[in-house]
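The next block holds one structure in the form of C-alpha coordinates; read it before the comments.
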Amino acid sequence: MKSKEKLHNHVVFKPYNNKQILLLPPSLEELIAENHPVRVVNSVIDSLDISLLESNYESGGTSSYHPRMLLKVVVYSYLQNIYSSRGMENGLKEHIHMMWLSGMSYPDHNTLNRFRSHRLKDSLKEIFRQVVLLLVESGHISLKSIYTDGTKIEANANKYTFVWGKSIETNKKKLYAQIEELWRYTEGVAAEEMADKQLPAFEQIDAQKVRETISTLNEALKEQIANKTVDKIDTKKVDKLKYAEKNYPQKLEEYAVKEQILNGRNSYSKTDEDATFMRLKEDHMENGQLKAAYNGQISTENQFIVHYSIHQSPTDTNTLISHMEGLREQFGDVVEEQTADAGYGSEENYVYLEEHNIEAYVKFNQFHNEQKAKFKNKIGHIDNLHYNPDGDYFVCPMGQHMTKVSVHKQKTKTGFEQTITSYQAKRCEGCPLRGICFEAKENRVVQTNHNLRRLKTKARENLNSEKGIKHRKKRPCDVEPVFGNIKNNHYFKRFRLRSIVKVEIELGLVALAHNLRKKAAA
(Lines give C-alpha, C1' and ligand atoms only; values in the text may rest on other atoms or scores of the structure.)
Protein backbone atom coordinates (compact mmCIF):
# COMPACT_ATOMS: atom_id res chain seq x y z
CA MET A 1 0.00 0.00 0.00
CA LYS A 2 2.84 2.34 0.89
CA SER A 3 4.62 1.52 -2.36
CA LYS A 4 1.58 2.61 -4.37
CA GLU A 5 1.36 5.92 -2.50
CA LYS A 6 5.03 6.48 -3.00
CA LEU A 7 4.65 5.82 -6.75
CA HIS A 8 1.74 8.25 -6.98
CA ASN A 9 3.76 10.99 -5.34
CA HIS A 10 6.29 10.78 -8.19
CA VAL A 11 3.74 11.44 -11.04
CA VAL A 12 4.88 14.47 -13.06
CA PHE A 13 2.37 16.76 -14.83
CA LYS A 14 3.16 19.27 -17.54
CA PRO A 15 2.87 22.93 -16.50
CA TYR A 16 -0.62 24.36 -16.92
CA ASN A 17 -1.77 27.94 -16.39
CA ASN A 18 -4.47 29.26 -18.73
CA LYS A 19 -4.01 32.73 -17.24
CA GLN A 20 -0.38 32.96 -18.26
CA ILE A 21 0.27 36.11 -20.29
CA LEU A 22 2.79 35.62 -23.09
CA LEU A 23 5.54 38.14 -23.44
CA LEU A 24 5.17 37.94 -27.24
CA PRO A 25 1.84 36.88 -28.85
CA PRO A 26 2.02 33.75 -31.04
CA SER A 27 1.74 34.15 -34.82
CA LEU A 28 -1.29 32.54 -36.44
CA GLU A 29 0.99 31.62 -39.32
CA GLU A 30 2.95 29.32 -37.00
CA LEU A 31 -0.20 27.58 -35.77
CA ILE A 32 -1.38 26.47 -39.23
CA ALA A 33 0.10 23.33 -40.79
CA GLU A 34 1.88 23.74 -44.11
CA ASN A 35 -0.42 21.26 -45.87
CA HIS A 36 -3.68 22.51 -44.40
CA PRO A 37 -6.52 23.14 -46.95
CA VAL A 38 -6.83 26.74 -45.75
CA ARG A 39 -3.48 27.47 -47.40
CA VAL A 40 -4.78 26.09 -50.73
CA VAL A 41 -7.87 28.34 -50.48
CA ASN A 42 -5.66 31.33 -49.67
CA SER A 43 -3.11 30.76 -52.46
CA VAL A 44 -5.67 29.89 -55.17
CA ILE A 45 -7.92 32.89 -54.46
CA ASP A 46 -4.87 35.17 -54.26
CA SER A 47 -4.00 34.09 -57.81
CA LEU A 48 -7.44 34.94 -59.25
CA ASP A 49 -8.44 38.06 -61.13
CA ILE A 50 -11.39 39.46 -59.16
CA SER A 51 -11.76 42.73 -61.05
CA LEU A 52 -15.32 41.78 -62.05
CA LEU A 53 -16.19 41.27 -58.39
CA GLU A 54 -14.53 44.55 -57.40
CA SER A 55 -16.56 46.40 -60.06
CA ASN A 56 -19.73 45.67 -58.02
CA TYR A 57 -18.56 48.14 -55.40
CA GLU A 58 -19.31 51.84 -55.73
CA SER A 59 -16.91 54.60 -54.74
CA GLY A 60 -17.69 56.98 -51.90
CA GLY A 61 -19.03 56.40 -48.43
CA THR A 62 -17.34 54.41 -45.70
CA SER A 63 -14.69 51.79 -46.39
CA SER A 64 -15.70 48.22 -47.26
CA TYR A 65 -14.21 44.88 -46.32
CA HIS A 66 -11.94 43.68 -49.12
CA PRO A 67 -13.86 41.33 -51.48
CA ARG A 68 -10.87 38.98 -51.74
CA MET A 69 -10.90 38.47 -47.98
CA LEU A 70 -14.67 37.93 -47.92
CA LEU A 71 -14.40 35.45 -50.81
CA LYS A 72 -11.76 33.46 -48.95
CA VAL A 73 -13.87 33.38 -45.78
CA VAL A 74 -17.06 32.28 -47.57
CA VAL A 75 -15.36 29.61 -49.70
CA TYR A 76 -13.41 28.22 -46.75
CA SER A 77 -16.61 28.16 -44.67
CA TYR A 78 -18.29 26.00 -47.32
CA LEU A 79 -15.21 23.80 -47.40
CA GLN A 80 -15.63 23.32 -43.62
CA ASN A 81 -19.40 22.60 -43.85
CA ILE A 82 -20.32 26.03 -42.45
CA TYR A 83 -23.22 27.16 -44.63
CA SER A 84 -24.99 29.83 -42.53
CA SER A 85 -23.78 33.43 -42.36
CA ARG A 86 -24.08 33.38 -38.56
CA GLY A 87 -21.88 30.30 -38.45
CA MET A 88 -19.32 32.17 -40.55
CA GLU A 89 -19.49 35.15 -38.20
CA ASN A 90 -18.85 32.90 -35.19
CA GLY A 91 -16.04 31.10 -37.02
CA LEU A 92 -14.18 34.37 -37.55
CA LYS A 93 -13.99 34.77 -33.76
CA GLU A 94 -13.34 31.14 -32.83
CA HIS A 95 -11.31 29.39 -35.59
CA ILE A 96 -7.66 30.31 -36.06
CA HIS A 97 -7.81 29.33 -39.76
CA MET A 98 -10.60 31.79 -40.45
CA MET A 99 -8.90 34.45 -38.33
CA TRP A 100 -5.78 33.96 -40.42
CA LEU A 101 -7.74 34.21 -43.69
CA SER A 102 -9.54 37.37 -42.60
CA GLY A 103 -6.46 39.03 -41.15
CA MET A 104 -8.30 39.31 -37.82
CA SER A 105 -11.20 41.19 -39.48
CA TYR A 106 -14.66 40.48 -38.12
CA PRO A 107 -17.42 41.18 -40.67
CA ASP A 108 -20.86 40.42 -39.22
CA HIS A 109 -23.35 37.92 -40.63
CA ASN A 110 -25.27 40.61 -42.56
CA THR A 111 -22.10 41.67 -44.39
CA LEU A 112 -21.21 38.05 -45.18
CA ASN A 113 -24.71 37.20 -46.37
CA ARG A 114 -24.96 40.36 -48.48
CA PHE A 115 -21.62 39.53 -50.08
CA ARG A 116 -22.73 35.95 -50.84
CA SER A 117 -26.23 36.83 -52.07
CA HIS A 118 -25.57 40.02 -54.04
CA ARG A 119 -21.90 40.74 -54.63
CA LEU A 120 -21.15 37.28 -56.05
CA LYS A 121 -24.22 37.24 -58.30
CA ASP A 122 -22.46 38.34 -61.49
CA SER A 123 -18.90 37.23 -60.74
CA LEU A 124 -18.93 33.75 -59.18
CA LYS A 125 -19.15 31.99 -62.55
CA GLU A 126 -16.01 33.81 -63.69
CA ILE A 127 -14.22 32.97 -60.44
CA PHE A 128 -15.18 29.32 -60.80
CA ARG A 129 -14.03 29.33 -64.44
CA GLN A 130 -10.58 30.59 -63.42
CA VAL A 131 -10.25 27.84 -60.80
CA VAL A 132 -11.17 25.18 -63.38
CA LEU A 133 -8.58 26.58 -65.79
CA LEU A 134 -5.98 26.38 -63.00
CA LEU A 135 -6.86 22.70 -62.64
CA VAL A 136 -6.37 22.29 -66.40
CA GLU A 137 -2.96 23.97 -66.20
CA SER A 138 -1.91 21.74 -63.32
CA GLY A 139 -2.91 18.63 -65.27
CA HIS A 140 -5.73 17.52 -62.98
CA ILE A 141 -8.32 17.73 -65.80
CA SER A 142 -8.46 18.34 -69.55
CA LEU A 143 -12.14 19.34 -70.17
CA LYS A 144 -12.25 16.98 -73.15
CA SER A 145 -14.24 14.10 -71.65
CA ILE A 146 -16.93 14.89 -69.06
CA TYR A 147 -19.55 13.03 -67.04
CA THR A 148 -22.89 14.70 -66.32
CA ASP A 149 -25.53 13.91 -63.72
CA GLY A 150 -28.08 15.70 -61.57
CA THR A 151 -29.52 15.60 -58.08
CA LYS A 152 -32.50 17.22 -56.41
CA ILE A 153 -31.69 19.45 -53.43
CA GLU A 154 -34.39 20.72 -51.10
CA ALA A 155 -35.23 24.42 -51.28
CA ASN A 156 -35.52 26.76 -48.31
CA ALA A 157 -39.31 26.76 -48.61
CA ASN A 158 -42.37 25.70 -46.66
CA LYS A 159 -43.59 22.40 -48.10
CA TYR A 160 -47.20 23.24 -47.18
CA THR A 161 -47.42 26.57 -49.03
CA PHE A 162 -47.69 25.28 -52.57
CA VAL A 163 -49.51 26.15 -55.78
CA TRP A 164 -50.34 23.47 -58.36
CA GLY A 165 -50.79 24.20 -62.05
CA LYS A 166 -53.42 21.47 -62.47
CA SER A 167 -55.49 22.93 -59.63
CA ILE A 168 -55.52 26.32 -61.34
CA GLU A 169 -56.66 24.74 -64.60
CA THR A 170 -59.38 22.76 -62.79
CA ASN A 171 -60.64 25.85 -60.95
CA LYS A 172 -60.72 27.87 -64.19
CA LYS A 173 -62.82 25.14 -65.82
CA LYS A 174 -65.24 25.14 -62.89
CA LEU A 175 -65.50 28.92 -63.07
CA TYR A 176 -66.15 28.75 -66.81
CA ALA A 177 -68.81 26.09 -66.27
CA GLN A 178 -70.60 28.42 -63.85
CA ILE A 179 -70.49 31.27 -66.36
CA GLU A 180 -71.72 28.94 -69.11
CA GLU A 181 -74.62 27.85 -66.89
CA LEU A 182 -75.59 31.49 -66.26
CA TRP A 183 -75.28 32.21 -69.99
CA ARG A 184 -77.61 29.35 -70.93
CA TYR A 185 -80.10 30.42 -68.27
CA THR A 186 -80.08 34.01 -69.54
CA GLU A 187 -80.63 32.76 -73.11
CA GLY A 188 -83.72 30.96 -71.82
CA VAL A 189 -85.35 33.92 -70.08
CA ALA A 190 -84.11 36.73 -72.36
CA ALA A 191 -83.81 35.08 -75.76
CA GLU A 192 -84.46 38.28 -77.70
CA GLU A 193 -81.75 40.27 -75.88
CA MET A 194 -79.25 37.40 -76.26
CA ALA A 195 -80.00 36.70 -79.94
CA ASP A 196 -76.83 38.26 -81.34
CA LYS A 197 -74.56 37.52 -78.34
CA GLN A 198 -71.92 34.74 -78.18
CA LEU A 199 -70.20 33.14 -75.18
CA PRO A 200 -66.38 33.45 -75.42
CA ALA A 201 -64.43 30.20 -75.73
CA PHE A 202 -62.71 28.80 -72.65
CA GLU A 203 -59.25 29.55 -74.09
CA GLN A 204 -60.18 33.24 -74.37
CA ILE A 205 -61.37 33.63 -70.79
CA ASP A 206 -59.55 36.20 -68.68
CA ALA A 207 -60.58 38.81 -66.11
CA GLN A 208 -61.60 41.39 -68.72
CA LYS A 209 -63.62 38.87 -70.78
CA VAL A 210 -65.46 37.78 -67.63
CA ARG A 211 -66.34 41.38 -66.79
CA GLU A 212 -67.69 41.91 -70.32
CA THR A 213 -69.63 38.61 -70.23
CA ILE A 214 -71.24 39.35 -66.86
CA SER A 215 -72.07 42.87 -68.02
CA THR A 216 -73.81 41.32 -71.08
CA LEU A 217 -75.83 39.00 -68.83
CA ASN A 218 -76.82 41.81 -66.46
CA GLU A 219 -77.92 43.97 -69.38
CA ALA A 220 -80.02 41.15 -70.82
CA LEU A 221 -81.72 40.42 -67.49
CA LYS A 222 -82.15 44.05 -66.46
CA GLU A 223 -85.70 44.43 -67.78
CA GLN A 224 -86.93 41.13 -66.30
CA ILE A 225 -85.43 41.96 -62.90
CA ALA A 226 -86.90 45.49 -62.96
CA ASN A 227 -90.37 44.15 -63.83
CA LYS A 228 -90.03 41.43 -61.16
CA THR A 229 -91.36 38.72 -63.44
CA VAL A 230 -91.03 36.00 -60.79
CA ASP A 231 -92.21 33.27 -63.13
CA LYS A 232 -89.19 33.91 -65.35
CA ILE A 233 -86.49 35.04 -62.94
CA ASP A 234 -84.66 32.52 -60.73
CA THR A 235 -83.44 34.50 -57.71
CA LYS A 236 -80.67 31.96 -57.04
CA LYS A 237 -79.30 32.53 -60.52
CA VAL A 238 -79.42 36.29 -59.98
CA ASP A 239 -77.51 35.87 -56.71
CA LYS A 240 -74.95 33.70 -58.52
CA LEU A 241 -74.55 36.39 -61.15
CA LYS A 242 -73.93 39.02 -58.46
CA TYR A 243 -71.37 36.73 -56.80
CA ALA A 244 -69.67 36.14 -60.15
CA GLU A 245 -69.52 39.87 -60.87
CA LYS A 246 -67.86 40.53 -57.53
CA ASN A 247 -65.44 37.57 -57.34
CA TYR A 248 -64.72 35.93 -60.72
CA PRO A 249 -62.61 38.70 -62.31
CA GLN A 250 -60.49 38.92 -59.18
CA LYS A 251 -60.03 35.13 -59.14
CA LEU A 252 -58.93 35.09 -62.76
CA GLU A 253 -56.44 37.88 -62.09
CA GLU A 254 -54.99 35.77 -59.27
CA TYR A 255 -54.81 32.73 -61.55
CA ALA A 256 -53.07 34.80 -64.24
CA VAL A 257 -50.39 35.93 -61.76
CA LYS A 258 -49.86 32.35 -60.58
CA GLU A 259 -49.64 31.03 -64.13
CA GLN A 260 -47.03 33.67 -64.92
CA ILE A 261 -44.98 32.51 -61.94
CA LEU A 262 -45.42 28.86 -62.96
CA ASN A 263 -44.15 29.64 -66.48
CA GLY A 264 -44.93 26.13 -67.73
CA ARG A 265 -44.07 24.33 -64.49
CA ASN A 266 -46.48 22.07 -62.61
CA SER A 267 -46.03 23.71 -59.22
CA TYR A 268 -44.21 26.25 -57.07
CA SER A 269 -43.86 27.18 -53.42
CA LYS A 270 -45.26 30.44 -52.10
CA THR A 271 -42.21 30.94 -49.86
CA ASP A 272 -39.77 30.46 -52.79
CA GLU A 273 -41.60 30.99 -56.04
CA ASP A 274 -38.68 29.69 -58.12
CA ALA A 275 -38.72 26.29 -56.38
CA THR A 276 -40.66 23.41 -57.94
CA PHE A 277 -42.13 20.46 -56.07
CA MET A 278 -40.05 17.37 -56.81
CA ARG A 279 -39.89 13.86 -55.41
CA LEU A 280 -36.75 13.66 -53.28
CA LYS A 281 -35.18 10.32 -52.44
CA GLU A 282 -35.27 9.61 -48.72
CA ASP A 283 -33.49 6.76 -46.96
CA HIS A 284 -36.60 5.83 -44.99
CA MET A 285 -39.07 6.19 -47.87
CA GLU A 286 -39.15 3.90 -50.89
CA ASN A 287 -40.73 6.41 -53.31
CA GLY A 288 -39.28 9.55 -51.78
CA GLN A 289 -41.13 12.61 -50.54
CA LEU A 290 -42.61 15.53 -52.45
CA LYS A 291 -40.80 18.73 -51.46
CA ALA A 292 -39.99 22.13 -52.93
CA ALA A 293 -36.56 21.67 -54.53
CA TYR A 294 -34.16 22.53 -57.35
CA ASN A 295 -32.49 20.20 -59.83
CA GLY A 296 -28.73 20.70 -59.56
CA GLN A 297 -26.67 19.55 -62.55
CA ILE A 298 -22.90 19.08 -62.57
CA SER A 299 -20.31 17.86 -65.06
CA THR A 300 -17.17 16.25 -63.68
CA GLU A 301 -13.80 14.97 -64.79
CA ASN A 302 -11.64 12.91 -62.42
CA GLN A 303 -14.19 13.84 -59.74
CA PHE A 304 -13.48 17.57 -60.15
CA ILE A 305 -16.55 19.68 -60.96
CA VAL A 306 -15.99 21.48 -64.26
CA HIS A 307 -19.45 23.06 -64.56
CA TYR A 308 -22.65 23.44 -62.53
CA SER A 309 -26.17 24.72 -63.20
CA ILE A 310 -29.55 24.97 -61.47
CA HIS A 311 -32.86 24.00 -63.09
CA GLN A 312 -36.53 24.11 -62.16
CA SER A 313 -37.43 21.01 -64.15
CA PRO A 314 -37.41 17.76 -62.14
CA THR A 315 -36.57 15.80 -65.32
CA ASP A 316 -32.89 15.53 -66.25
CA THR A 317 -33.79 15.16 -69.93
CA ASN A 318 -34.79 18.83 -70.20
CA THR A 319 -31.67 20.16 -68.50
CA LEU A 320 -28.78 18.90 -70.65
CA ILE A 321 -28.86 21.48 -73.45
CA SER A 322 -28.99 24.56 -71.21
CA HIS A 323 -26.34 22.98 -68.97
CA MET A 324 -24.03 22.36 -71.93
CA GLU A 325 -24.69 25.83 -73.33
CA GLY A 326 -23.51 27.28 -70.02
CA LEU A 327 -20.36 25.16 -70.22
CA ARG A 328 -19.70 26.32 -73.81
CA GLU A 329 -20.17 29.93 -72.72
CA GLN A 330 -17.53 29.45 -70.03
CA PHE A 331 -14.91 27.42 -71.92
CA GLY A 332 -15.86 27.35 -75.60
CA ASP A 333 -16.12 24.18 -77.71
CA VAL A 334 -13.61 22.14 -75.72
CA VAL A 335 -15.70 19.09 -74.83
CA GLU A 336 -15.20 16.12 -77.16
CA GLU A 337 -16.98 13.33 -75.24
CA GLN A 338 -20.11 13.40 -73.09
CA THR A 339 -21.16 10.49 -70.87
CA ALA A 340 -24.51 10.39 -69.07
CA ASP A 341 -27.15 7.92 -67.93
CA ALA A 342 -30.48 7.06 -69.57
CA GLY A 343 -32.18 10.12 -68.07
CA TYR A 344 -30.56 12.25 -70.79
CA GLY A 345 -31.22 9.98 -73.78
CA SER A 346 -33.63 11.98 -75.95
CA GLU A 347 -33.65 12.87 -79.63
CA GLU A 348 -33.27 16.56 -78.82
CA ASN A 349 -30.17 15.92 -76.69
CA TYR A 350 -28.61 13.55 -79.23
CA VAL A 351 -29.14 16.11 -82.01
CA TYR A 352 -27.56 18.87 -79.89
CA LEU A 353 -24.46 16.79 -79.13
CA GLU A 354 -24.16 15.73 -82.76
CA GLU A 355 -24.42 19.33 -84.01
CA HIS A 356 -21.60 20.38 -81.65
CA ASN A 357 -19.35 17.46 -82.63
CA ILE A 358 -19.52 15.88 -79.17
CA GLU A 359 -19.31 12.09 -79.12
CA ALA A 360 -22.32 10.92 -77.12
CA TYR A 361 -21.93 8.03 -74.68
CA VAL A 362 -25.46 8.63 -73.46
CA LYS A 363 -27.82 5.74 -72.78
CA PHE A 364 -31.43 5.69 -73.97
CA ASN A 365 -34.22 4.30 -71.81
CA GLN A 366 -34.33 0.84 -73.42
CA PHE A 367 -30.57 0.31 -73.67
CA HIS A 368 -30.25 -2.20 -70.84
CA ASN A 369 -33.51 -3.98 -71.72
CA GLU A 370 -32.22 -4.57 -75.25
CA GLN A 371 -29.42 -6.72 -73.84
CA LYS A 372 -31.88 -9.15 -72.23
CA ALA A 373 -33.29 -12.25 -73.90
CA LYS A 374 -36.80 -11.35 -72.71
CA PHE A 375 -36.75 -8.20 -74.83
CA LYS A 376 -35.25 -9.95 -77.86
CA ASN A 377 -38.02 -12.57 -77.71
CA LYS A 378 -40.71 -9.90 -78.15
CA ILE A 379 -41.06 -10.54 -81.87
CA GLY A 380 -43.71 -7.88 -82.31
CA HIS A 381 -41.71 -5.02 -80.77
CA ILE A 382 -40.88 -2.41 -83.39
CA ASP A 383 -37.20 -2.44 -82.45
CA ASN A 384 -37.11 -6.16 -83.32
CA LEU A 385 -38.75 -5.69 -86.74
CA HIS A 386 -36.53 -5.54 -89.81
CA TYR A 387 -36.60 -2.22 -91.67
CA ASN A 388 -35.69 -1.94 -95.35
CA PRO A 389 -34.47 1.64 -95.99
CA ASP A 390 -34.42 1.21 -99.79
CA GLY A 391 -38.04 0.17 -100.01
CA ASP A 392 -39.05 2.17 -96.91
CA TYR A 393 -41.02 -0.63 -95.26
CA PHE A 394 -40.93 -2.81 -92.15
CA VAL A 395 -41.16 -6.59 -92.27
CA CYS A 396 -43.57 -8.16 -89.79
CA PRO A 397 -42.74 -11.47 -87.98
CA MET A 398 -44.59 -13.40 -90.73
CA GLY A 399 -42.58 -11.71 -93.51
CA GLN A 400 -45.33 -9.33 -94.63
CA HIS A 401 -44.28 -5.85 -95.75
CA MET A 402 -45.67 -2.98 -93.66
CA THR A 403 -45.87 0.03 -95.98
CA LYS A 404 -45.82 3.73 -95.13
CA VAL A 405 -49.27 5.25 -94.70
CA SER A 406 -48.64 8.69 -93.15
CA VAL A 407 -46.09 11.18 -91.85
CA HIS A 408 -46.84 13.83 -89.26
CA LYS A 409 -45.00 16.34 -87.08
CA GLN A 410 -45.29 16.71 -83.34
CA LYS A 411 -43.63 18.91 -80.74
CA THR A 412 -42.27 18.00 -77.33
CA LYS A 413 -42.89 20.11 -74.21
CA THR A 414 -39.64 21.93 -74.90
CA GLY A 415 -40.79 22.85 -78.44
CA PHE A 416 -38.54 20.37 -80.25
CA GLU A 417 -40.15 19.13 -83.48
CA GLN A 418 -40.21 15.41 -84.23
CA THR A 419 -41.20 13.60 -87.41
CA ILE A 420 -43.31 10.47 -86.88
CA THR A 421 -43.91 7.97 -89.71
CA SER A 422 -46.68 5.34 -89.63
CA TYR A 423 -46.55 1.92 -91.34
CA GLN A 424 -49.42 -0.55 -91.71
CA ALA A 425 -49.66 -4.24 -92.53
CA LYS A 426 -52.22 -5.30 -95.15
CA ARG A 427 -53.31 -8.78 -94.09
CA CYS A 428 -53.27 -9.55 -90.36
CA GLU A 429 -56.52 -11.53 -90.29
CA GLY A 430 -55.86 -15.21 -89.61
CA CYS A 431 -52.15 -14.68 -88.87
CA PRO A 432 -50.95 -17.41 -86.43
CA LEU A 433 -48.60 -14.92 -84.70
CA ARG A 434 -51.22 -12.25 -84.21
CA GLY A 435 -51.74 -13.02 -80.52
CA ILE A 436 -48.08 -12.40 -79.64
CA CYS A 437 -47.50 -9.70 -82.26
CA PHE A 438 -50.27 -7.23 -81.33
CA GLU A 439 -53.79 -7.09 -79.86
CA ALA A 440 -55.73 -4.57 -81.99
CA LYS A 441 -58.65 -5.72 -84.14
CA GLU A 442 -57.57 -4.01 -87.36
CA ASN A 443 -54.39 -4.52 -89.36
CA ARG A 444 -51.34 -3.63 -87.32
CA VAL A 445 -49.99 -0.06 -87.47
CA VAL A 446 -46.56 0.90 -86.11
CA GLN A 447 -45.13 4.39 -85.65
CA THR A 448 -41.47 5.27 -85.65
CA ASN A 449 -39.14 8.24 -85.52
CA HIS A 450 -36.44 7.50 -88.11
CA ASN A 451 -34.07 10.19 -86.90
CA LEU A 452 -34.29 8.91 -83.35
CA ARG A 453 -33.71 5.34 -84.60
CA ARG A 454 -30.55 6.54 -86.37
CA LEU A 455 -29.32 8.38 -83.29
CA LYS A 456 -30.04 5.41 -81.04
CA THR A 457 -28.13 3.14 -83.40
CA LYS A 458 -25.16 5.49 -83.20
CA ALA A 459 -25.43 5.72 -79.41
CA ARG A 460 -25.67 1.91 -79.17
CA GLU A 461 -22.48 1.51 -81.20
CA ASN A 462 -20.68 4.07 -79.04
CA LEU A 463 -21.85 2.54 -75.76
CA ASN A 464 -20.86 -1.00 -76.79
CA SER A 465 -17.45 0.03 -78.14
CA GLU A 466 -14.30 -0.48 -76.07
CA LYS A 467 -14.18 3.22 -75.19
CA GLY A 468 -17.92 3.25 -74.48
CA ILE A 469 -17.65 0.36 -72.02
CA LYS A 470 -14.78 2.19 -70.32
CA HIS A 471 -16.88 5.36 -69.98
CA ARG A 472 -19.91 3.41 -68.74
CA LYS A 473 -17.78 1.83 -66.01
CA LYS A 474 -16.18 5.13 -65.04
CA ARG A 475 -19.35 7.25 -64.94
CA PRO A 476 -20.71 5.83 -61.64
CA CYS A 477 -17.23 6.27 -60.13
CA ASP A 478 -16.73 9.83 -61.35
CA VAL A 479 -19.84 11.99 -61.09
CA GLU A 480 -22.05 10.08 -58.63
CA PRO A 481 -19.51 9.99 -55.74
CA VAL A 482 -19.25 13.79 -55.98
CA PHE A 483 -22.91 14.15 -55.08
CA GLY A 484 -22.53 11.51 -52.36
CA ASN A 485 -19.58 13.39 -50.89
CA ILE A 486 -21.36 16.75 -50.97
CA LYS A 487 -24.68 15.56 -49.57
CA ASN A 488 -23.69 12.81 -47.13
CA ASN A 489 -20.13 13.59 -46.05
CA HIS A 490 -20.48 17.37 -46.01
CA TYR A 491 -24.20 17.55 -45.13
CA PHE A 492 -25.28 19.89 -47.89
CA LYS A 493 -28.84 18.63 -48.37
CA ARG A 494 -30.78 21.89 -48.29
CA PHE A 495 -30.23 25.35 -49.72
CA ARG A 496 -30.12 28.27 -47.30
CA LEU A 497 -30.97 31.01 -49.78
CA ARG A 498 -34.12 31.60 -51.84
CA SER A 499 -34.64 32.27 -55.58
CA ILE A 500 -32.97 30.49 -58.45
CA VAL A 501 -30.27 33.18 -58.79
CA LYS A 502 -29.14 32.88 -55.16
CA VAL A 503 -29.47 29.10 -55.14
CA GLU A 504 -27.12 28.91 -58.13
CA ILE A 505 -24.61 30.98 -56.14
CA GLU A 506 -24.82 28.46 -53.32
CA LEU A 507 -24.28 25.51 -55.65
CA GLY A 508 -21.33 27.37 -57.17
CA LEU A 509 -19.77 27.85 -53.73
CA VAL A 510 -20.31 24.17 -52.95
CA ALA A 511 -18.65 23.21 -56.25
CA LEU A 512 -15.76 25.61 -55.67
CA ALA A 513 -15.20 24.29 -52.14
CA HIS A 514 -15.31 20.71 -53.44
CA ASN A 515 -12.63 21.40 -56.05
CA LEU A 516 -10.32 23.16 -53.59
CA ARG A 517 -10.84 20.44 -50.98
CA LYS A 518 -9.93 17.80 -53.54
CA LYS A 519 -6.95 19.81 -54.80
CA ALA A 520 -5.66 20.13 -51.23
CA ALA A 521 -5.93 16.36 -50.78
CA ALA A 522 -4.18 15.57 -54.09
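The values are calculated or read from the model by the stated rules, or taken from the named source; none is laboratory data. Everything quoted here is computed from the prediction, not taken from an experiment. Quick reminder, even Gly has a Cβ in these numbers, built from the backbone with ideal geometry, and neighbours come from all protein chains shown. Note: accessible area is taken over every heavy atom of the protein model, side chains too, but ligands, DNA and RNA are not part of it. Shrake-Rupley method; radii C 1.70, N 1.55, O 1.52, S 1.80 Å.
If R0 equals 22 Å, the separation of the Cβ atoms of Ser64 and Asn90 corresponds to a calculated FRET efficiency of about 0.55. Compute the long axis of helix 235-262 from its Cα atoms, compare it with the longest principal axis of the Cα atoms of the chain, and write down the angle in degrees, 0 to 90, nearest 10. Compared with the principal axis, the helix lies near 40 degrees. Quick one: which of Lys236/Lys258; Lys159/Lys493; Lys411/Lys467; Lys258/Lys493; Lys281/Lys487; Lys363/Lys409 span more than 23 angstrom between C-alpha atoms? Violating the 23 Å limit, Cα to Cα: Lys236/Lys258; Lys411/Lys467; Lys258/Lys493; Lys363/Lys409. Ordered from highest to lowest accessible area with the whole protein assembly present and a 1.4 Å probe, Arg475, Arg68, Arg86 read as Arg86, Arg68, Arg475.
Considering only protein heavy atoms and a 1.4 Å probe, what is the carbon-and-sulfur percentage of the accessible area of the stretch 380-482? Here it works out to 50 percent. For the stretch 24-136, the Kirkwood estimate of hydrodynamic radius, built from reciprocal distances between every pair of different alpha carbons, is 14.8 Å. Spin-label model, Ser422 to His408: label points 7 Å out along the Cα-to-beta-carbon direction sit 0.6 nm apart.
The packing ranking, built from the mean of other Cβ atoms within 10 Å per residue, places the peptides 52-63, 307-318, 332-343 in the order 307-318, 332-343, 52-63, highest first. Estimated at 0.36 nm per residue, the fully extended path between Asn443 and Arg129 surpasses their Cα-Cα distance by 107.2 nm.
Label positions at Asn489 and Glu245, each projected 7 Å from the Cα along the C-beta direction, are separated by 7.0 nm. In order along the stretch 507-514, the Karplus-derived 3J(HN,Hα) couplings, from 6.51 cos²θ - 1.76 cosθ + 1.60 at θ = phi - 60°, round to 5, x, 5, 4, 5, 5, 4, 4 Hz, and Gly and Pro are given as x. Backbone geometry of the stretch 53-67 corresponds, through the Karplus equation with coefficients 6.51, -1.76 and 1.60 at θ = phi - 60°, to 3J(HN,Hα) couplings of 5, 5, 5, 6, 8, 9, 6, x, x, 6, 6, 10, 5, 5, x Hz, x marking Gly and Pro. The magnitude of the dipole of the stretch 56-131, with charges of +1 and -1 set on the Cβ of Lys/Arg and Asp/Glu and taken from the Cα centre, is near 180 debye.
Select from Gly430, Leu24, Val362 the residue farthest towards the positive end of the dipole of the chain; place +1 on Cβ of Lys and Arg, -1 on Cβ of Asp and Glu, and compute about the Cα centre. It is Leu24. As an exercise, find the ratio Rg/Rh for the stretch 315-469 from alpha-carbon atoms, using the Kirkwood inverse-distance average for Rh. Taking Rg over the Kirkwood Rh, I get 1.03. Comparing the stretch 400-522 with the 2.2 N^0.38 Å rule of thumb, its C-alpha radius of gyration ratio is 1.81 (two decimals). For Thr276, the residues 5 or more places off, or on other chains, whose built amide H falls under 5 Å of its own are Ala293.
The percentage of C-alpha pairs in the chain whose separation is greater than 46 Å is 40%. Roughly to the nearest percent, how much of the accessible area of the stretch 331-371 is carbon and sulfur, given a 1.4 Å probe? Answer for the stretch 331-371: carbon and sulfur cover 38 percent of the accessible area. Residues whose amide H lies under 5 Å from that of Thr403, counting only those 5 or more places away or on a different chain, are Gln424; hydrogens are built 1.01 Å from N in the peptide plane.
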